[in-house]
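For reference, the structure discussed in these notes is given below.
The values are calculated or read from the model by the stated rules, or taken from the named source; none is laboratory data. As the structure is a computational prediction, the values presented were derived from the model and not from experiment. Every residue, glycine among them, receives a Cβ derived from its backbone with ideal geometry; neighbour counts consider all protein chains shown. Each accessible area value is taken on the protein alone, full model and side chains, heavy atoms only, with ligands, DNA and RNA left out. Shrake-Rupley method; radii C 1.70, N 1.55, O 1.52, S 1.80 Å.
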Amino acid sequence: MSGLARSAARRAAVAAVIIVLCVWAAQGIRLDIQRIGRGLPAIVNIFALMVPDRQWLWPAIEAMGETLAIALIGTTIGALAAVPVAFLAARNVVVYRAAAAVGRQVSNAIRAFPELVLGVFFVASYGPGAAAGALAIGVHSIGMLARLYADIIENVDPGPAEALLAAGATRLQVFRFAILPQVLPEFIATALYRFEINLRSANVLGLVGAGGIGVVLLQALTLRRWGVVGACLLVIIAAVSAVDYGSAWLRRRLV
Amino acid sequence: MTPRSTASAPRELGPRRLKLLWLIAGIAVALVYALSARATEFNLWIVLRDGDMFLQLIREMVPSTKERWLHLLTHYLPRLKQPFLQTAQIAMLGTAGGAVLSVPLVLLASRNVTPHPAVYVIAKALMNLIRTIPDLLYAAIFVAAVGVGPLSGVLALTVFSTAVLAKLASESVEAVDPGPLEAIRAAGGTSLQVLRHGVAPQVAPLFWSHCLYVFEVNIRASTVLGLVGAGGIGQQLQLMLSLFQYENAFVIILVTFLLVVAIDFVAGRIRERLV
């Protein structure tokens, strides 16, 4: 009974801390419930104005084509660059023992770096456009993909590799005929999953000038052309849903 | 072969047709890549050739002398306290708003407690629809609708967190042990009592863990919300970049990075203990 009372007291304490933190946060950003209450109809009104503008559907679809291309090129850069990092980071490959730790840390560090900031950098150094977006996505993807790839490599069945080694195969042959066939489908499935994430990022990257539909959307937002905003959102929802669905279907067949 | 085994085996393709299929797939993939490279004007050669422009940018960002470092850390770093606190506040309020709003949505969107199958389908579809649009796009929309500032960030994170939490939590609710629920119903409990004493105790730890996860995601998002005008440290970063104050921008990025790593670490530890 005292245990129950103690856990109830602890729960109340945690709840109190959360409430105090939220009140502090609300005061910090000067959140005014009354103002939100008054503003809510205006927000609802704007969302109601977002009826897709038919004339802008085709331009939006064209821009979405560019966004898809950004995501594809970016994912491919990430997927290719992640392979060597992953083999360094996998604990069962061990080229140098320290390399595994370094590889893991490098992939963690890249992951913690927001791709929007990378996008700003690449736009600043390469100029605005889709290429900067593809680079930002590519570099950011290396982090997560390398980590997941390393996990895949660590789960490889050592049997075939040992058999080939015993039969006198070279290291390259072992890699080609024992390791690669095991990891490749999973590598591709993981890259496909990353492509789904990257398509969402590619939509956002346009907001910092890195090409694609985000650029159109940003212009429409600054000019308050809500019909154009609606057309962009419609195309984004359709494309993201289609890619999620298609990629899930492909992944199920691959693994 | 017996008829049974042919029925269960996948349709066999002859080696020639299989080769042809691979060829077509290969050409299709090559074509998609060629089109994508043209659309993005992506050229690896140019990327490498102009790589020194990127390195130049980095050189301008990283303070070169010890005095510059000292100056930045003593004079500029303290000024960042307020924007960083605001970032945390945005993430906190966005998560809290999402947690509160997700509860009714979860009850509608879980197959085993939904009041009606049609409601379930609609709620689930709504959840998926909201999640197809990234949080930063919501932020840009709210900035256009209600103006530049942290409120837009909070609203954006609230909308997105609601959908993410509702999805995660509804999966937890659908996985609860039905035994206690049936027992309460058999004893004449109302559906409110079933939720309160049957579902909630089973789901609560998972729900808190999901909330922490969403908080992590929101912290990451809120560090860059400012780049689209939705408050927090990102707004300071954008200001510094537009003023070409690259050393200041570097300090912001460095601190953001450390903050994200630290919060990932702490939240990961807490979640381990929760579940």
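Hey, does segment A:205-213 have a residue that's open to solvent by 50 Å² or more (accessible area, probe 1.4 Å) and part of a helix (DSSP H, G or I)?
no
Out of (1) more than 30 Å from residue B:254 (Cβ to Cβ); (2) open to solvent by 50 Å² or more (accessible area, probe 1.4 Å); (3) at pLDDT 85 or above, what's the single condition that is false for residue B:12?
It fails just one condition, (3).
Which one of B:224, B:228, B:217, B:261 is within 9 Å of chain A (Cβ to nearest Cβ) and more than 20 Å from residue A:209 (Cα to Cα)?
Result of the check over B:224, B:228, B:217, B:261: B:261.
Would you please name the residue that is nearest to the chain's Cα centre (by Cα), looking only at residues in segment B:201-228 that are surrounded by 19 or more Cβ atoms within 10 Å (Cβ to Cβ) and aromatic (Phe, Trp, Tyr)?
Per the criteria, the residue is B:215.
State which residue is least open to solvent (accessible area, probe 1.4 Å) when the search covers only segment B:97-155 and only residues that are of a type in the set (Ser, Thr, Tyr) and more than 19 Å from the chain's Cα centre (by Cα).
So the residue we want is B:110.
Identify, from the list A:184, A:145, A:254, A:180, the residue that is at pLDDT below 90 and away from every other protein chain (no Cβ under 14 Å).
Residue meeting the stated conditions: A:180.
Return the pairs, sorted by first residue and then second, in which the second residue is of a type outside the set (A, V, I, L, M) and open to solvent by 20 Å² or more (accessible area, probe 1.4 Å), the first residue lies in segment B:90-111 and is within 14 Å of another protein chain (Cβ to nearest Cβ) and over 16 Å from residue B:142 (Cβ atoms), the beta carbons are less than 6 Å apart, and the residues are 6+ apart or on different chains.
Correct list of pairs: B:95/B:215; B:96/A:22.
Taking only segment A:50-67 into account, find how many residues are open to solvent by 40 Å² or more (accessible area, probe 1.4 Å) and at the interface with another protein chain (Cβ under 10 Å from one of its Cβ atoms).
Counting residues in segment A:50-67 that are open to solvent by 40 Å² or more (accessible area, probe 1.4 Å) and at the interface with another protein chain (Cβ under 10 Å from one of its Cβ atoms) gives 2.
Are any residues in segment B:265-275 assigned to a helix (DSSP H, G or I), touching a residue at least 40 places away in the same chain (Cβ under 8 Å) and of a type outside the set (Gly, Ala, Ser), and if so, which ones?
Passing the criteria: B:270, B:271, B:274.
Taking the condition at pLDDT below 90 and either hydrophobic (A, V, I, L, M, F, W, C) or on the phi > 0 side of the Ramachandran plot (or both), does residue A:20 pass?
no
Any residue at all in segment B:66-75 that's among the acidic types (Asp, Glu) and more than 10 Å from chain A (Cβ to nearest Cβ)?
Yes: one or more hits.
Confirm whether residue B:78 is within 25 Å of residue B:159 (Cβ to Cβ), exposed (fewer than 15 other Cβ atoms within 10 Å of the Cβ) and not small (Gly, Ala, Ser).
So residue B:78 fails the test.
Look at segment A:207-222 and say how many of its residues are within 16 Å of residue B:147 (Cα to Cα) and either more than 9 Å from chain B (Cβ to nearest Cβ) or not aliphatic (A, V, I, L, M) (or both).
Here the count works out to 2.
Residue B:170 is checked against (1) open to solvent by less than 30 Å² (accessible area, probe 1.4 Å); (2) within 14 Å of another protein chain (Cβ to nearest Cβ); (3) in contact (Cβ under 8 Å) with a residue 40 or more places away in the chain and fails just one. What number does that condition carry?
(2) is the only condition that residue B:170 fails.
Take the residues of segment A:96-132 that are within 15 Å of the chain's Cα centre (by Cα) and over 19 Å from residue A:150 (Cβ atoms): which is surrounded by the most Cβ atoms within 10 Å (Cβ to Cβ)?
Filtering first and then ranking leaves A:119.
Under 8 Å between Cβ atoms, at least 6 apart or on separate chains: pull out the pairs that start in segment A:45-60 with a residue that is of a type in the set (Gly, Ala, Ser) and end on any residue that is assigned to a helix (DSSP H, G or I).
Matching pairs, first to second residue: A:60/A:213; A:60/A:216; A:60/A:228; A:60/A:231; A:60/A:232; A:60/A:234; A:60/A:235.
Just the residues that are over 8 Å from the mean Cα position of the chain (by Cα) and not β-branched (Val, Ile, Thr), please, taken from segment A:200-211.
Answer for segment A:200-211, where residues must be over 8 Å from the mean Cα position of the chain (by Cα) and not β-branched (Val, Ile, Thr): A:202, A:203, A:205, A:206, A:207, A:209, A:210, A:211.
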